[in-house]
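Have a look at the structure below, then the notes.
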Amino acid sequence: MPLHRVSLDGVPRWYLIRDLASLPTRASLSHPPAMATLERIGSSAFYLDETGGSLYKLVRDKYDWRQQSAKWLFRDLLDKRLSGRSAAAREYRSNRIIRRAGLRTIACRAYGVAVNPGNPLGSLYVMEYLDGARSGERHFLEQDEAGRRDFLRRMCDEALRLIAHGYVHRDFHFGNVLVDAQGELIWIDTHVRRLPRALARRQACLEAMLSPTKLQGETYRQLAHEHIRGALTTTKGYR
């Protein structure tokens, strides 16, 4: 994994990166207003390489090494960065799974981890930047009631394709899809988990995927539940 220098607002940081798209080893990133929208939806920091058209997603360590040094050492440094289980590595693997299920995702260009242990932005994920696409959350909120229900059903149909592949979304909400100029869905923040084989655990996992907080209220959660349960009952996948 080559060493890359990534400057965030003029501050250089070093990352070991698995480069999938021949990225420059030195990148100077900007933070335009559009990044604030992405950061409001999620919990990561986003920066843009405007010359290369790449979006950099940086995930902050869960613990502060100065205040919770033991937890930071064992959970952030050893369990994530050094073991190869960083958020970026897991997102790359999930991205490939979703693609194999036949869904469209943002192309991953690179992923890696910070070299300096004191850098709190320990996980780095680089993806294609689609300037013409807009957030699924914004698209949902701009629809009338019929349009909102139709959009939610479309998301559920795509979730069903992933379920048929043996996996479930871990963070199923409108902000984790983009809508392109043709109205097609593109999945972002692609964390998934394998479905358990035991029926009771499988049902619990599918129930947990649908949250009223993430789906703009109980009415839409119930609609999604009925749609997915109806489809899986027909195929004997959810009884």
All-but-one check, Ser54 against (1) within 23 Å of Val177 (Cβ to Cβ); (2) under 15 Å from the mean Cα position of the chain (by Cα), failing number (2)
Those residues that are over 17 Å from Ala164 (Cβ atoms) and either in contact with a strand residue (DSSP E or B) (Cβ under 6 Å, 6 or more places away or on another chain) or touching a residue at least 60 places away in the same chain (Cβ under 8 Å) (or both), I need them from segment 91-104; list them, please. Glu91, Tyr92, Asn95
Condition check for Leu77: outside any loop (DSSP other than H, G, I, E, B), modelled with pLDDT under 85 and open to solvent by less than 40 Å² (accessible area, probe 1.4 Å): yes
For Ser135, indicate whether it is in contact with a strand residue (DSSP E or B) (Cβ under 8 Å, 6 or more places away or on another chain), closer than 14 Å to Arg18 by Cα and surrounded by 15 or more Cβ atoms within 10 Å (Cβ to Cβ). no
Return a yes/no flag: does segment 50-65 have any residue that is in a helix (DSSP H, G or I) and either small (Gly, Ala, Ser) or touching a residue at least 24 places away in the same chain (Cβ under 8 Å) (or both). no
Restricting segment 13-49 to residues that are hydroxyl-bearing (Ser, Thr, Tyr) and either open to solvent by less than 40 Å² (accessible area, probe 1.4 Å) or touching a residue at least 60 places away in the same chain (Cβ under 8 Å) (or both), the one farthest from Gly122 (Cα to Cα) turns out to be Thr37
Residue check, Ser83 assigned to a helix (DSSP H, G or I) and either surrounded by 14 or more Cβ atoms within 10 Å (Cβ to Cβ) or modelled with pLDDT under 95 (or both): no
Condition first: surrounded by fewer than 18 Cβ atoms within 10 Å (Cβ to Cβ) and over 20 Å from Leu8 (Cα atoms). Can you find one or more residues in segment 106-118 that meet it? yes
Please work out which residue is most open to solvent (accessible area, probe 1.4 Å), limiting yourself to segment 187-239 and to residues that are over 30 Å from Ala133 (Cβ atoms), part of a loop (DSSP other than H, G, I, E, B) and of a type in the set (Gly, Ala, Ser). Ala198
Odd one out for Leu16, checked against (1) under 28 Å from His169 (Cβ atoms); (2) more than 20 Å from the chain's Cα centre (by Cα): (1)
So Leu152 ticks every box in (1) part of a helix (DSSP H, G or I); (2) touching a strand residue (DSSP E or B) at 6+ places or on another chain (Cβ under 9 Å); (3) touching a residue at least 24 places away in the same chain (Cβ under 8 Å) but one. Which box is left unticked? (2)
Of the residues in segment 161-186 that are assigned to a helix (DSSP H, G or I) and open to solvent by 30 Å² or more (accessible area, probe 1.4 Å), the one that is farthest from Arg40 (Cα to Cα) is Ala164
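The values are calculated or read from the model by the stated rules, or taken from the named source; none is laboratory data. Nothing here was measured: the structure is a model prediction, and the numbers come from that model. Positions of Cβ are backbone-derived with ideal geometry, glycine not excepted, and every protein chain shown enters the neighbour counts. The protein model used for the area step is the full one, side chains on, heavy atoms only, and it has no ligands, DNA or RNA in it. Shrake-Rupley method; radii C 1.70, N 1.55, O 1.52, S 1.80 Å.
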